[in-house]
Amino acid sequence: MSDTTAVTAPVRNYRGRFAPSPSGPLHFGSLVAAVGSYLDAKHHQGSWLVRIEDIDTTRVVKGAADDILKTLEAYGLYWDEQVVYQTQRHELYQHIVAQLQAKQLVYACNCSRKQVKALGGIYQGHCKNLALAFDNHALRLTQCHATSHYHDLIQDEVVVDSGLAHEDYIIKRSDGLFAYQLVVVADDIEQKITDVVRGADLLEPTARQLSLFKQLGATTPNYAHLPLAVAEPDFKLSKQNYAPAISKQQPKPALFSAFEFLGLAPEQELLSASIEQMMAWAIERYHLNVVPKVAQIQISQSADNLTTHFTHIIK
Ligand code: GLU
Ligand code: ZN
């Protein structure tokens, strides 16, 4: 046996990721998720991957993926492995669906969203025994691993609605697109992600994702859900409500604000450092414990979008 084992080897092989949907440019809310996941990975001497979640082609905006990548670079957020695009991974997703089908866990459903809504919003298994053809129908997964609570590294114990936890949710849509819940789990497994750090808007979907990890016999990652940047309580900044794009030319103010948002308490002087120095400062200082343990933080931005104020913390 050789005795060359490095003494400084990382404690574990941490692999984190940032997974933006290319439906528009990065805004302050997505910057927080990018910076939070990056700092957590670097704090653990881990790898930080970028995955472009372009599976829902109906929401993809031309040029947005490239713009997001350029923005990440402008903010000193450099990824460690080749960027992955979901639209190039259909085979992986189809393989997972086939695996579930082989276990008789998938059934086709032709209920409309309206019908499900009329019955209380939670799908009750109406089509389960109808043996409808798989083609041209939505595919649902028979839920055998209902997960109604889990531990989150920031939000602590998360409890989700039991109806939602038990629901046979859709893994492939009637238009033929693979559903977000399926692809995100397929990707996290395939990319060997150990730690998922993202916004608290995904607290509920996480329960479903955990159930799929268990169904597939895969090890579940750690989850840490960062507070969500909201314009008003329960009104998240998003591409859909036209949250302004963050500046690629002047990245320092928004980066500084993201550090503040994440509880790093930067001093004004940090703004005279370079982006690389700012990031090195943040990696040094970062620890999951400094992140506010709340689900939402209300922010307001100046008209030029360079200054961000935090008005108050909710929940
Ligand atoms: N693509 C999702 C979004 O932009 C994030 C998914 C994830 O981090 O798991 O909201
Ligand atoms: Zn149905």
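The values are calculated or read from the model by the stated rules, or taken from the named source; none is laboratory data. All values derive from a computational prediction rather than experimental measurement. Methodologically, a virtual Cβ is constructed for each residue, glycine included, from the backbone with ideal geometry; neighbour enumeration extends over all protein chains shown.
Miscellaneous remarks
- Those strands (runs of 3 or more DSSP E) lying entirely in region 123-224 with at least 3 residues more than 20 Å from the chain's Cα centre (by Cα), under 21 Å from residue 101 (Cβ atoms) and within 16 Å of ligand 2 (Cβ to nearest atom): 138-141
- Some residue of region 15-37 being part of a helix (DSSP H, G or I) and surrounded by fewer than 22 Cβ atoms within 10 Å (Cβ to Cβ): yes
- Out of 41, 98, 65, sole residue that is under 15 Å from residue 195 (Cβ atoms) and out of contact with any helix residue (DSSP H, G or I) (no Cβ under 6 Å at 6 or more places or on another chain): 41
- Among residues that are β-branched (Val, Ile, Thr) and closer than 23 Å to residue 60 by Cβ, residue 189 is not included.
- From the list 255, 262, 216, 237, the lone residue that is aliphatic (A, V, I, L, M) and surrounded by fewer than 20 Cβ atoms within 10 Å (Cβ to Cβ) is 216.
- Of the listed requirements (1) of a type in the set (D, E, K, R); (2) surrounded by fewer than 22 Cβ atoms within 10 Å (Cβ to Cβ); (3) over 30 Å from residue 278 (Cα atoms), residue 208 misses just one: (2).
- Between 67, 54, the distinction of being away from ligand 2 (no atom under 16 Å from the Cβ) and assigned to a helix (DSSP H, G or I) belongs to 67 only.
- If you go through region 231-245 and keep only what is over 16 Å from residue 297 (Cα atoms) and within 13 Å of ligand 1 (Cβ to nearest atom), you end up with 239, 240.
- Residues being acidic (Asp, Glu) and more than 30 Å from residue 289 (Cα to Cα) - total across region 118-169: 3
- Residue list for region 208-230, filter: within 11 Å of ligand 1 (Cβ to nearest atom) and in contact with an Asp or Glu (Cβ under 9 Å, 6 or more places away or on another chain): 209, 221, 223, 225, 228
- Region 192-207, residues that are of a type in the set (A, V, I, L, M, F, W, C), more than 16 Å from residue 48 (Cβ to Cβ) and more than 9 Å from ligand 1 (Cβ to nearest atom): 200, 203, 207
- Only a single criterion out of (1) loosely packed, with under 13 Cβ neighbours inside 10 Å; (2) touching a helix residue (DSSP H, G or I) at 6+ places or on another chain (Cβ under 8 Å) is not satisfied by residue 114, namely (2).
- Filter result for the condition that a residue is closer than 16 Å to residue 75 by Cβ, within 13 Å of ligand 1 (Cβ to nearest atom), out of contact with any Gly (no Cβ under 9 Å at 6 or more places or on another chain) and not hydroxyl-bearing (Ser, Thr, Tyr), over 19, 34: 34
- Residue match in region 73-82 (condition: surrounded by 14 or more Cβ atoms within 10 Å (Cβ to Cβ), under 30 Å from residue 276 (Cα atoms) and within 16 Å of ligand 1 (Cβ to nearest atom)): yes
- Verdict on residue 53 being more than 17 Å from residue 195 (Cβ to Cβ), surrounded by fewer than 23 Cβ atoms within 10 Å (Cβ to Cβ) and at pLDDT 95 or above: yes
- Taken over region 231-274, the criterion of being free of Cβ contacts under 8 Å to residues at least 60 places away in the same chain, closer than 23 Å to residue 43 by Cβ and outside any helix (DSSP H, G or I) is satisfied by 263, 264, 265, 266, 267, 273, 274.
- Residue 249 being in contact with a Cys (Cβ under 7 Å, 6 or more places away or on another chain) and modelled with pLDDT of 95 or more: no
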